[in-house]
Amino acid sequence: MIVNIQTLPTDVVNLIAAGEVIDSFAAVVRELAENALDANATRIAIAVFPDLWRVRVADNGTGMDLTNLQNAASPHSTSKIRSKDDLYKITSLGFRGEALHSLAALADLEICSRRVDTIEGWRVTYNTQGEPVEIETVAIAPGTVVTVSNLFGNWSMRRQGLPTITQQLRLIQTTIQQIALCHPHITWQVKQNDHPWFTISPGTSSRHILPQIIKQVRLSDLQELIVDVPTPLGSREWGDGEMGRWEDGEMGRWGDKQLTTNNQQPTTNNQQPTTNNKLSLVLGLPDRCHRHRADWVRVATNGRLVRSPELEQTILSAMARTLPRDRYPICFLHLHICPSQIDWNRHPAKAEIYLHSLSYWQEQVTKSIEQALRISATHLPEASHLHRVEKLLKVSEEKAGYHLNRSVQPTPQTNLEHQKITELELIELRAIAQVHNRYILAEHPTGMWLIEQHIAHERVLYEQICDRWQLLPLEPP
Ligand SMILES: Nc1ncnc2c1ncn2[C@@H]1O[C@H](COP(=O)(O)OP(=O)(O)OP(=O)(O)O)[C@@H](O)[C@H]1O
Ligand SMILES: [Mg+2]
């Protein structure tokens, strides 16, 4: 559905933290790409011309008719929210109606657009107040092409304060990669000075995007987990008919609950938490990939990467035990949660959020990471699992068929067995072989373990020290 652009009422404008929306080349790319995503585009082509201080973003989204095009760069004009209440249920990436207006003030702005359901396309240029100047028809495919040229041309101090072009280009690339990670269904084509720069192919989930961004990582190195998470009780629930954006680009219909305030109980009949939220995790398998810095622990909420030191710390703590010393995990966490749980209106770049019930989400993240790391045939992609086991089991009997396919299938679990798996210390292991003079192969009722002898020995020593540990009073000198 195409919604018309309208100017926000003053009481709403006063509540919005717009600030410096455009502070760099990368911010231009971010704002234009987010507009394309809000217009349901599936293909976004970006061209950067650093010498001309120009960026062009073309999308195949819903497009705009002439009336909307004329209003697009006016101050506080948006099609995404209408009233104060909408600020607490934001499901789009934009909501302030400020980005295009700021761009008109800071650069030469031109927009060509054609609505999907019309045959006529329009080209409009704007003055520094965001008012239309030139208007003409144009031949264009359905969608929108926004061109921003001569950025900060009249603001020489701003240009001087920016990092070098190389650094700015790197920031643009990072910005696009981050958005792509949160919206894996999009095809990205990026050019620099009309030469192909890089592309990102679409995938069914972020797991398919990560290997395109981190070159050392392969698809089979990554583990993915998507779980439904109930909204914490006592929080605002989804309003009737609210729409949410999902990672695969579908607009999912969320719960049918009435809006309640933070202090009230939700007005459901049975007072049960709803499961409208999704937590999606992509983890680098700890024995396959890790980093020497914590630079690939990323958190996104509802389609946008955000800074969340608390959730990042939760991820680091949950994975610390599985990694070698001084190494850090690769982990992308995407929370798709009821918008009433988030306050986006904190930061002009929307990079910081306030998440209600933070400790609840931290707990969910820890649980999910534990679940994702509990390696079993059902969790691990089959091929890579077998490959890893086969590689390690180089036993002497060449023709001995180990039928790995069958032997690692999960056996039906009784409640008792399940309990055994969740409480690791209760698993009874039986050593059956030694591999490469380095690993002990042990079996247990529902699978098998490979134990690195050296690490096991360290653990034995550690436990011996713990057993013999005593607190002794210090002798006075
Ligand atoms: N690529 C596009 N395709 C279709 N409509 C667009 C596109 N870009 C902008 N628009 C329309 O122009 C309006 C103004 O865009 P602008 O980016 O200034 O504000 P916004 O996205 O609503 O909020 P924000 O300032 O938070 O980004 C949008 O609300 C949308 O209706
Ligand atoms: Mg916008």
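The values are calculated or read from the model by the stated rules, or taken from the named source; none is laboratory data. Small disclaimer: the values here were computed from a predicted structure and weren't measured. As a convention, Cβ positions derive from the backbone with ideal geometry for all residues, glycine included, and neighbour counts pool all protein chains shown. Surface areas here come from the heavy atoms of the whole protein model, side chains and all, with no ligands, DNA or RNA. Shrake-Rupley method; radii C 1.70, N 1.55, O 1.52, S 1.80 Å.
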Report task. Would you confirm whether any residue within the range 156-167 is part of a strand (DSSP E or B), away from ligand 1 (no atom under 16 Å from the Cβ) and more than 28 Å from A300 (Cα to Cα)? Result -> no
Requested in this report: Given the conditions (1) buried (at least 19 other Cβ atoms within 10 Å of the Cβ); (2) within 22 Å of R304 (Cβ to Cβ); (3) of a type outside the set (S, T, Y), report the number of the one that V124 does not fulfil.
Outcome: (2)
Report summary line: The residue that is nearest to M64 (Cα to Cα), considering only those in the range 22-37 that are within 9 Å of ligand 2 (Cβ to nearest atom) and either among the aromatic types (F, W, Y) or surrounded by 22 or more Cβ atoms within 10 Å (Cβ to Cβ) (or both), is N35
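Counting only residues that are in a loop (DSSP other than H, G, I, E, B) and more than 9 Å from ligand 1 (Cβ to nearest atom), which one in the range 80-89 is surrounded by the most Cβ atoms within 10 Å (Cβ to Cβ)?
Filtering first and then ranking leaves K89.
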Query raised in the report: Among the residues of the range 81-90, is there at least one that is more than 27 Å from C338 (Cβ to Cβ) and within 13 Å of ligand 2 (Cβ to nearest atom)?
Result: no
Query raised in the report: Restricting attention to the range 64-76, which residues are open to solvent by 10 Å² or more (accessible area, probe 1.4 Å) and either more than 6 Å from ligand 1 (Cβ to nearest atom) or part of a helix (DSSP H, G or I) (or both)?
Result: D65, L66, T67, Q70, N71, S74, P75, H76
Query - Residues that are aliphatic (A, V, I, L, M), at pLDDT 80 or above and under 21 Å from L373 (Cβ atoms), drawn from the range 422-477 - result: L429, I440, L441, A442, M448, L450, I451, I455, A456
**Report entry** Residue match in the range 135-144 (condition: surrounded by 22 or more Cβ atoms within 10 Å (Cβ to Cβ) and of a type outside the set (S, T, Y))
**Finding:** yes
